[in-house]
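Working notes, structure below.
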Amino acid sequence: MERELRLMKGNEAVAEAAIRAGADGYFGYPITPQSEIIEYLMEADPYQRTGMVVLQAESELAAINMVYGGAGCGKKVMTTSSSPGISLMQEGLTYIAGAELPCLIVNVARGGPGLGTIQPSQSDYFQSVKGGGHGDYHLIVLAPASVQEMADFVELGFDLAFKYRNPAMILSDGAIGQMMEKVWLGPQKERSTASPAWATTGKTPDRKRNIITSLELDPNRQEIFNLKLVDKYNEIRKNEVRYEEFQCDDAEYLFVAYGTCARVCQKSVELAREQGLKVGLLRPITLFPFPVDPINNLAGRVKLILAVEMSAGQMVEDVRLAVNGKAPVHYYGRIGGMIPTPDEVVENLKKLITEL
Amino acid sequence: MKEVTGLKEIIKPENLAYRKSNILTDEIMHYCPGCGHSTTHRILAEIIEEEGLQQDSIGVSPVGCSVFLYNYIDIDWQEAAHGRAPALATAIKRLLPEKFVFTYQGDGDLAAIGTAETIHTCNRGENILIIFINNGIYGMTGGQMAPTTLPGMKSSTSPFGRDVKSMGNPLKMTDLVATLPGTYYVTRQSVHTPANVKKTKKAIRKAVQYQKLNRGTCFIEVVSNCPSGWKMTPTQANKWMEENMFPFYPLGDLKIPSEEPDLNSKTGKND
């Protein structure tokens, strides 16, 4: 299957990209607004196309633990869900992080808390980038802002997950999952037949048995393991920061926004510049690792930073840490499934400027 | 240490009453004296060795007393979260269908926190073996009431005995999964006498062979004891188990293949 241009929903793009990336298995449970992913996969019959296993689990809890089992075999496995389902998966995610297994999770987020709304939201930021489950760990978190990135980040997510033996998450939202855009899909990759040395594939006489576990009763040894994880996360912070700057060169004011809000803020930058305000946008593409240095560098050159997000103010905390007092940092956002308009973002910025 | 004279002459293959399976590691088992786990581990290891399955076995260990099972049997292992072993095993078997995949779970793991995973794995007919050790108590955490604790039975969270009116009734998971179309072979055994050990070993061997046929889930309950949790000596515990557990959890097959399939498999000599 060759490189191909299609018009697709973000959710469908994830599904098709997974097949083309040579994924070995998908385990999921339906939840709005991302059920198209498992529907697409069931209809596409990837077992016939590539041998990829697709299974509808009895719960998100079972789905993430199927991912654990598959990942322990060294396979490229994934699951997708939306906020309430992702909360249920936190148990599995901390075990997967603790057992150092690679896998991909997609969160097509919706507003909470609780059952909340089925409309898009970015209120799962803390849960995604700070750990989510118990214990000291991080996911690698990618934030797509287009259907194209929904597709591209599937392969990138798998690559990073295997490079660092760490779960990777695509943190999307209901807007990007549901909207249709043109998307370039990569050519079909073959599923890998090689197994990592640590995978449980059956103990052969030439090696010791492989044990996938996160259990260590001796606190001395557990601390050594935890420090190894800390080193890994620092390595990820050093190597894997991804971000995009939009009209930042001469900017006096800076928006920081990811995903859907970055799309909104891109328009806000244009509107503000039409009104003579020199505004730029920094869009974090990786949320963990967070683009700390790029934000800190820009902070020395601007008068004001506005973090725009569809949460009650979560990413803004990381922006403040990155800015470290170099410039005033403000928050503007809409919550509960509402999306800010480009105009209201600009109005908010203008109000803050008059208060400077 | 004083050399035992003539030891080598005494140990001749024809005089050997018991040989430790090569699949069992030299790790000292952490189990309490008289516990059924170590016996069940031993026969499981023997089956894996006798059937030549070391290279093809992937086990999933639980949370509970047998959490360190992966230290004792020399095959590849995954350690699951509490109750989730059947979900792991589902994916392992689907991604590596040629392997022998099994879970080994206690009653708290399988019949309380993992009830949904157990039922749905059996209902999908995942082609795996589930070994279910039922001793009617949470052993590792110190003897709390389990879903399988008998009516009136004392535990640290039912100190005056299980009152079914307020604490609910014991759950017969094996009876429950036997009704599901996805299960192929369901049996309840024990390992407290040599005769019962032989029967359990035979059941495990059957399940290993059935898995090659790809006909559904095999489910083996081993009704077992917990001398420490029950606060009894091993002998008392076995007697109490016979008198109290077996009437409630009767031993025997609950579901067998309608026609015994042609297995064409080599059989071990220790049955």
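Quick note: the coordinates plus some simple rules give every number you see, no bench work behind them. Predicted, not measured: the structure shown is a model, and the values here were computed from it. Quick reminder, even Gly has a Cβ in these numbers, built from the backbone with ideal geometry, and neighbours come from all protein chains shown.
Of the DSSP H helices in chain B, none is both long (alpha-carbon extent of 18 Å or more along the helix axis) and hydrophobic (Kyte-Doolittle mean at least 0.5). Scanning residues 5 or more positions from A:V54 or on other chains, those with amide H under 5 Å from its amide H are A:Y26, with H placed 1.01 Å from N in the peptide plane. Take each residue in A:201-211, count the other chain C-beta atoms within 10 Å of its C-beta, and the mean is 6.
Bridge orientation summary for the protein assembly as shown: considering DSSP beta bridges with both residues in this region, about 25 percent are antiparallel. Projecting the Cα atoms of A:A175, A:P144, A:Y95 onto the dipole axis of the range A:89-220, where Lys and Arg carry +1 and Asp and Glu carry -1 at the beta carbon, places A:Y95 farthest toward the positive end. Reachable lysines from B:K12, Cα under 19 Å, same-chain residues fewer than 8 places away excluded? By straight Cα distance, B:K12 reaches B:K20, B:K269.
Between the residues A:P340, A:I285, A:A327, the greatest Cα displacement towards the positive end of the dipole of the range A:243-354, with unit charges on the Cβ of Lys, Arg, Asp and Glu, is found for A:A327. Listed by chain and number, the lysines placed with their C-alpha closer than 25 angstrom to that of A:K130 are A:K76, A:K163, A:K228, A:K232, A:K238, A:K326; residues fewer than eight positions away on the same chain are left out.
When only the Cβ of Lys, Arg, Asp and Glu is charged (+1, +1, -1, -1), the dipole of the range A:243-354 relative to its Cα centre reaches about 200 debye. Straight-line reach from B:K199: taking Cα to Cα under 15 Å and skipping same-chain neighbours fewer than 8 places apart, the aspartates and glutamates in range are B:E46, B:E221, B:D253, B:D271. Taking 20 Å as the limit for the C-alpha separation, the pairs A:K303/A:K350; A:K75/B:K99; A:K203/B:K93; B:K99/B:K212 never exceed it; all remain within the limit. Taking Cα centre as origin and charging only the Cβ of basic (Lys, Arg, +1) and acidic (Asp, Glu, -1) residues, the dipole magnitude of the range B:28-255 rounds to 480 debye. Would you mind pulling out the separation of the Cα centroids of the range B:232-257 and the range B:121-161, in Å? The range B:232-257 and the range B:121-161 have Cα centres separated by 14 Å.
Ranking B:A45, B:H192, B:A85 by Cα position along the charge dipole of chain B, where only Lys, Arg, Asp and Glu carry charges on their C-beta atoms, puts B:H192 farthest toward the positive end.
Basic side chains Lys and Arg get +1 at the Cβ, acidic Asp and Glu get -1 at the Cβ, and with that the dipole of the range B:40-104 about its Cα centre reaches some 400 debye.
Taking every DSSP beta bridge that has both residues in the range B:28-255, what percent is antiparallel when rounded to the nearest 5? Of the beta bridges lying entirely in the range B:28-255, close to 20 percent run antiparallel.
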